[in-house]
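Participant: What follows is a single structure, and I will ask about it in a moment.
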Amino acid sequence: MAETFDVVIIGGGITGAGVARDCALRGLRCLLVEKGRAGRQTTAASTHLIHGGLRYLLYDRLTTQTTCWDSGNIVRIAQGLPHRLPIVWPVYRGHRHGLETVETLLEAYDRLQPMKLGRPHLRLSAEEALRLIPKLAPDGLLGALVFDEWWVDPVGLVEANLASAKRSGATVKEGVRVTGFERSGAAVAGVRLDSGETAFARLVVNAAGPWVERIAALAELRVPMRLQKGTHLAYPPLPELLNASGHPLGLLLEAEGGDRYVFVVPLGTEVFVGPTDIPYPGDPDALQTTEDEVGYLYRSAKRYLPLPERFDHTVIGARPILGQAGSEKLLSREYEVVDHEVRDRVAGLVTIAGGKLSDFRLMAQDAGDLASKKLGKGGPCRTHLERFDGQPVGDIPYYPPPPRSLKRFLRRHPRLRELHALGHLGYQFAGHLGRKLIGGCPEATLDDFRKNYADA
Ligand SMILES: Cc1cc2nc3c(=O)[nH]c(=O)nc-3n(C[C@H](O)[C@H](O)[C@H](O)COP(=O)(O)OP(=O)(O)OC[C@H]3O[C@@H](n4cnc5c(N)ncnc54)[C@H](O)[C@@H]3O)c2cc1C
């Protein structure tokens with residue numbers, strides 16, 4: 001492999017696949033190297049949702065805003081792959097978050113939903129919720145809220161990115177591991193592979209998800225991460241539990257202990273129950289599900305649904321979260337593109353870390369902007385303009401992005417970031433109570449549900 005590429009990308013998860021497509025569509029000559037099979041690591045272990053991050057509205061509103069915007073781009077370019085999934089959030093007596101709090105959160109989310117082609121939420125009485133999901137536990141049920149996200153086959157999404165990248169000239173090598181860097185003085189000039197070959201590049205992009213820290217260490221560099229392990233239980237389809245009304249439905253359930261939530265996601269060939277969220281400072285190649293995790297997930301869902309005890313298998317991954325100060329509950333899912341020439345005086349290497357499946361295109365755009373600037377080659381980003389099948393996307397509505405300076409400032413001050421988010425929610429809560437007083441928060445019927453989600 002003696003030729004020199006413009007860009008060599010390490011990692012064939014959604015991040016690396018997105019970067020390969022972005023760079024290839026700009027006209028850069030790319031090689032992507034993946035040690036296993038593309039998309040089969042963290043990306044495949046995700047909950048499979050293209051979502052804005054409803055939970056981050058509690059402490060990191062701007063990340064939800066940015067992610068909602070990019071989720072819309074992903075839905076437009078991936079036509080046919082994402083499926084709208086209505087998600088029911090049942091609220092019971094004794095739950096930490098009551099109906100009004102949950103509805104306030106969803107009202108705040110409604111303002112961002114149009115960016116990702118989402119629908120306004122619905123509020124259901126306990127009776128209507130039970131008509132929708134007859135197997136839901138009735139005791140103590142106060143009502144339910146319904147919102148929607150996009151379900152996607154994440155491996156299919158990776159493959160669609162790679163197919164598009166290849167059509168624009170990219171090369172993809174699977175089953176080949178990067179073992180070190182080729183150096184030219186202090187600069188990185190390529191990667192060494194376990195096949196014994198060297199791939200030379202003007203720029204190497206480290207897009208190895210939970211492995212980015214280990215890849216950076218091969219160049220004696222530090223990219224601190226805070227990995228969070230997550231397990232799902234995978235069941236065979238459970239149509240009698242989750243599809244009784246003719247609609248595949250997701251659920252968001254207050255978990256055992258009341259301080260977090262688990263999803264039940266029924267699309268594709270399996271039903272996912274999870275995930276857990278546990279600090280994991282270890283080796284991403286040595287992830288294991290514990291009995292405690294299995295018990296926690298099963299008991300959390302079983303409180304609400306007659307879930308069988310036997311599941312097929314577990315699915316496990318490590319969230320590649322940027323190293324940051326602050327408590328686990330306030331961990332931002334922001335991403336960062338690190339130019340090691342600027343930060344560490346090591347030219348030829350860029351790391352892209354953090355982020356989510358739901359904003360992979362934007363992550364790739366930022367990495368591609370930097371690559372084309374550094375190389376002095378390549379056109380502007382086109383990944384949002386062209387669908388995976390090569391057809392133009394058409395009109396893209398404009399939504400003003402959050403100010404970068406505010407994002408940077410809040411990233412440095414997690415407590416202020418939380419106050420910024422809570423301030424917005426406080427304002428929203430006052431508005432909600434006002435509307436409630438004048439009868440402005442009506443309950444929806446099953447017919448309203450069917451109309452809202454006719455295409456789901
Ligand atoms: C439990 C869980 C649930 C999640 N749910 C969601 C969700 O619903 N929605 C959402 O938006 N996000 C979700 N996420 C986050 C999302 O899955 C990740 O942010 C995203 O998949 C990371 O993709 P990646 O490409 O960076 O990492 P990966 O998919 O892990 O890809 C990195 C690749 O690098 C390869 N690699 C590593 N070392 C080398 C080497 N030396 N040589 C060559 N290749 C190498 C690996 O084999 C791997 O394929 C979830 C994460 C977890 C863990």
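Participant: Determine the pairs where a residue that is open to solvent by less than 20 Å² (accessible area, probe 1.4 Å), located within the range 47-65, has a partner that is in a helix (DSSP H, G or I) and among the acidic types (Asp, Glu) with Cβ atoms under 6 Å apart, the partner being 6 or more residues away or on another chain.
Facilitator: Tyr59/Glu418
Participant: Which one is farthest from Leu99 (Cα to Cα) among residues in the range 388-446 that are touching a residue at least 24 places away in the same chain (Cβ under 8 Å) and aromatic (Phe, Trp, Tyr)?
Facilitator: Phe388
Participant: State which residue is farthest from the chain's Cα centre (by Cα) when the search covers only the range 1-20 and only residues that are more than 6 Å from the ligand (Cβ to nearest atom), crowded, with 24+ Cβ neighbours inside 10 Å and small (Gly, Ala, Ser).
Facilitator: Ranking the candidates gives Ala20 first.
Participant: Mind telling me which of the residues Ser327, Ser300, Ser332 ends up being farther than 21 Å from Gly250 by Cβ, more than 14 Å from the ligand (Cβ to nearest atom) and hydroxyl-bearing (Ser, Thr, Tyr)?
Facilitator: None of the other options fit; the residue is Ser327.
Here is a yes/no grid of residues against (1) closer than 24 Å to His51 by Cα; (2) modelled with pLDDT under 95; (3) open to solvent by less than 50 Å² (accessible area, probe 1.4 Å):
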{"position": "Gly317", "(1), (2), (3)": "yes, no, yes"}
{"position": "His340", "(1), (2), (3)": "no, no, yes"}
{"position": "Val346", "(1), (2), (3)": "no, no, yes"}
{"position": "Val350", "(1), (2), (3)": "no, no, yes"}
{"position": "Met363", "(1), (2), (3)": "yes, no, yes"}
{"position": "Lys377", "(1), (2), (3)": "no, no, no"}
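Participant: Determine if the range 171-180 includes at least one residue that is of a type outside the set (A, V, I, L, M) and within 30 Å of Leu251 (Cα to Cα). Talk me through it step by step, then tell me what you get.
Facilitator: Going residue by residue through the range 171-180, those that are of a type outside the set (A, V, I, L, M) are 171, 173-175, 177, 179-180.
Checking the rest, the ones that are also within 30 Å of Leu251 (Cα to Cα) come to none.
No, every residue in the range 171-180 fails to be of a type outside the set (A, V, I, L, M) and within 30 Å of Leu251 (Cα to Cα).
Participant: Filter the range 66-77 down to residues that are more than 21 Å from Glu103 (Cα to Cα) and hydrophobic (A, V, I, L, M, F, W, C) and give me whichever is most open to solvent (accessible area, probe 1.4 Å).
Facilitator: Selected residue: Trp69.
Participant: Just give me the residues in the range 210-224 being of a type outside the set (D, E, K, R) and either surrounded by fewer than 17 Cβ atoms within 10 Å (Cβ to Cβ) or out of contact with any Leu (no Cβ under 7 Å at 6 or more places or on another chain) (or both), in sequence order.
Facilitator: Trp211, Val212, Ile215, Ala216, Ala217, Leu218, Leu221, Val223, Pro224
Participant: Still on this structure, I have one more. Return yes when Ala126 is open to solvent by less than 20 Å² (accessible area, probe 1.4 Å), free of Cβ contacts under 8 Å to residues at least 24 places away in the same chain and out of contact with any Phe, Trp or Tyr (no Cβ under 8 Å at 6 or more places or on another chain) and no when it is not.
Facilitator: yes
Participant: Just give me the residues in the range 225-246 being under 20 Å from the mean Cα position of the chain (by Cα) and open to solvent by 10 Å² or more (accessible area, probe 1.4 Å), in sequence order.
Facilitator: Met225, Arg226, Leu227, Lys229
Participant: Follow-up. What is the residue count in the range 364-387 for residues that are without any contact (Cβ under 8 Å) to a residue 24 or more places away in the chain and within 26 Å of the chain's Cα centre (by Cα)? Spell out how you get there, then give the answer.
Facilitator: So in the range 364-387, the residues without any contact (Cβ under 8 Å) to a residue 24 or more places away in the chain come out as 369, 373, 376, 385.
From the residues that got through so far, the ones that are within 26 Å of the chain's Cα centre (by Cα) too are 369, 385.
Qualifying residue count, the range 364-387: 2.
Participant: In addition: May I ask you to say which residue of Gly274, Gly246, Gly258, Gly295 is without any contact (Cβ under 8 Å) to a residue 12 or more places away in the chain and within 24 Å of Gly94 (Cα to Cα)? Walk me through it before giving the result.
Facilitator: Values: Gly274 fails: without any contact (Cβ under 8 Å) to a residue 12 or more places away in the chain; Gly246 fails: within 24 Å of Gly94 (Cα to Cα); Gly258 fails: without any contact (Cβ under 8 Å) to a residue 12 or more places away in the chain.
Exactly one residue qualifies, and that residue is Gly295.
Participant: Ok, one more. Under the condition of being of a type in the set (S, T, N, Q) and either in contact with a helix residue (DSSP H, G or I) (Cβ under 6 Å, 6 or more places away or on another chain) or modelled with pLDDT under 95 (or both), which residue from the range 16-60 is nearest to Glu254 (Cα to Cα)? It would help to see each step written out before you state the result.
Facilitator: Initial filter on the range 16-60 (of a type in the set (S, T, N, Q)): 41-43, 46-47.
Pick out the ones that are also either in contact with a helix residue (DSSP H, G or I) (Cβ under 6 Å, 6 or more places away or on another chain) or modelled with pLDDT under 95 (or both) and you get 42-43, 46.
On the way: Thr42: 24, Thr43: 25, Ser46: 19 Å.
Among those that are of a type in the set (S, T, N, Q) and either in contact with a helix residue (DSSP H, G or I) (Cβ under 6 Å, 6 or more places away or on another chain) or modelled with pLDDT under 95 (or both), it is Ser46.
Participant: Spot the failing condition for Leu142; the list is (1) open to solvent by 30 Å² or more (accessible area, probe 1.4 Å); (2) under 24 Å from the mean Cα position of the chain (by Cα), and only one is missed.
Facilitator: (2)
Participant: Please determine, by comparing only the residues of the range 21-46 that are open to solvent by less than 10 Å² (accessible area, probe 1.4 Å) and either part of a strand (DSSP E or B) or out of contact with any Gly (no Cβ under 8 Å at 6 or more places or on another chain) (or both), which one is farthest from the ligand (Cβ to nearest atom).
Facilitator: Cys30
The values are calculated or read from the model by the stated rules, or taken from the named source; none is laboratory data. Note that the coordinates shown come from a computational prediction; the quantities given were computed from them, not determined experimentally. Please note: Cβ atoms are built from the backbone with ideal geometry, for glycine as well, and neighbour counts cover all protein chains shown. Side chains included, ligands, DNA and RNA excluded: accessible areas come from the protein's heavy atoms. Shrake-Rupley method; radii C 1.70, N 1.55, O 1.52, S 1.80 Å.
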